[in-house]
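The values are calculated or read from the model by the stated rules, or taken from the named source; none is laboratory data. Not measured: the values here are computed from a predicted model. So basically every Cβ, Gly included, is an ideal-geometry build from the backbone, and we count neighbours across all protein chains shown. Just so you know, the surface numbers come from the protein's heavy atoms only, side chains and all, with ligands and any DNA or RNA stripped out. Shrake-Rupley method; radii C 1.70, N 1.55, O 1.52, S 1.80 Å.
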Amino acid sequence: MFRAFAVMACFLVIAASVRAAVQTKTISYKHGNVNCEGFLAWDDSIQGPRPGVLVVHEWWGLNDYARHRAEELAKLGYVAFCADMYGEGKSTNHPNEAGAMATKVRTNVQDWRKRAEEALEVLKSQPQCDKSNLAAIGYCFGGSTALQLAFSGADLKAVVTFHGALVTPTAEEVKAIKPFVLVCHGADDGFIPASAIKSFRDALDAGGVKYEFIAYPGAKHSFTVPDADKHGIAGIKYDKTADEASWKRMQELFAEKFGK
């Protein structure tokens with residue numbers, strides 16, 4: 001009898017852990033005539049809507065790294081959706097191809113923003129998502145994209161950019177910014193000129209934008225990506241200390257803005 005009870009208890013524990021597992025699925029949506037393949041992650045043990053976080057990939061495209069970040073956010077109690085900024089689920093490991101795809105998107109700023117806005121609408125349409133509590137995060141190209149959402153006046157509580165390029169917003173774009181902006185930057189990032197940082201910060205300061213700029217000592221570009229070094233590109237390197245510190249600061253900011 002005791003053995004049967006123990007077996008049943010073990011079964012219930014396993015069943016509960018399965019139910020509490022992070023769930024994921026691919027969601028197709030359109031950008032004009034282009035089919036996009038986004039990625040949704042959520043914890044189905046949580047009842048009701050919870051804050052939503054849009055995740056925007058690096059210039060490599062929607063790859064496993066971006067998906068992993070979405071799953072980590074789901075474990076924290078959020079519903080996360082990875083945008084497919086290039087369409088057709090495109091991704092690459094070749095820097096020339098990545099650069100070409102990112103440049104094609106960035107060339108038309110209005111279309112760039114529209115791609116991000118469409119992904120945000122997909123996130124908002126999910127039953128797990130609390131549409132009144134939204135954030136956007138991004139890495140490298142994705143960090144710039146998250147900032148473009150802020151410049152467009154998107155109704156977000158927070159925007160977090162990790163080693164992203166810092167485009168200087170116009171005075172009108174600064175006025176449109178609603179979210180708190182957290183910039184997580186590598187102090188030794190040779191891809192982001194000091195002049196760009198100053199111009200970006202001066203614009204936000206002039207407009208009274210609430211933001212935080214953190215430069216992690218010794219950190220280079222792509223400091224949050226564990227296998228960044230595999231590309232063999234000078235100036236791109238993982239930094240465990242900066243990665244963990246920036247992720248922690250993001251969590252603190254979300255707790256402040258979402259009350260959880």
Pair Lys131, Glu72: separation of 7 Å Cα→Cβ label points (nm): 3.0 nm
Lysine pairs in segment 149-247 with Cα atoms under 27 Å, if 8 or more residues apart or on separate chains: 17
Derived scalar couplings ³J(HN,Hα) [segment 90-102; Karplus, 6.51 cos²θ - 1.76 cosθ + 1.60; whole Hz; x for Gly, Pro]: 5, 8, 8, 10, 9, x, 5, 5, 4, x, 5, 5, 5
Tail beyond 34 Å, pair distance distribution of the chain (Cα, percent): 17 percent
Accessible solvent surface per residue of the chain, calculated while the other protein chains remain in place, 1.4 angstrom probe, Å²: 47 Å²
Ranked packing of 180-193, 226-239, most packed first, by mean Cβ within 10 Å: 180-193, 226-239
5 angstrom amide H check on Gly186, placed H, neighbours 5+ away: His163, Tyr216
Packing rank of 131-142, 96-107, where each peptide gets the mean count of other beta carbons within 10 Å, highest leading: 131-142, 96-107
Cα-based shape type of segment 26-152, given that a ≥ b ≥ c are square roots of the gyration tensor eigenvalues and the cut on a/c is 1.5: prolate
Gap separating the Cα centres of segment 185-224 and segment 44-102, nearest whole Å: 23 Å
Rough spin-label spacing in nm, given labels placed 7 Å along Cα→Cβ, for Val167 and Ala21: 4.0 nm
Ranked packing of 205-212, 170-177, most packed first, by mean Cβ within 10 Å: 170-177, 205-212
For segment 153-260, alpha-carbon Rg over 2.2 N^0.38 Å: 1.11
Computed magnitude of the charge dipole of segment 128-254 (debye, nearest 20; Cβ of K, R +1, Cβ of D, E -1): 100 debye
On Cα atoms only, tilt of 141-151 relative to the major axis of the chain in degrees: 80 degrees
Amide H partners (placed H, <5 Å) of Asp44, local residues excluded: Gln23
Positive-end residue, the chain charge dipole about Cα centroid, Cβ charges, pick of Ser195, Gly218, Thr170: Thr170
Distribution of pairwise C-alpha distances over segment 148-193, 10 Å bins, in %: 27, 49, 23, 1
Whole-percent carbon and sulfur share, accessible surface of the chain, 1.4 Å: 55 percent
Amide H partners (placed H, <5 Å) of Ile177, local residues excluded: none
In order through segment 196-205: 3J(HN,Hα) via Karplus (6.51 cos²θ - 1.76 cosθ + 1.60), integer Hz, x for Gly, Pro: 5, 5, 4, 4, 4, 5, 4, 5, 5, 4
For segment 35-48, Karplus couplings with θ = phi - 60° (6.51, -1.76, 1.60), whole Hz, Gly/Pro x: 8, 10, 10, x, 9, 10, 9, 7, 9, 7, 7, 8, 8, x
Cα long-axis angle, helix 109-124 against the chain (0 to 90 degrees, to the nearest 10): 20 degrees
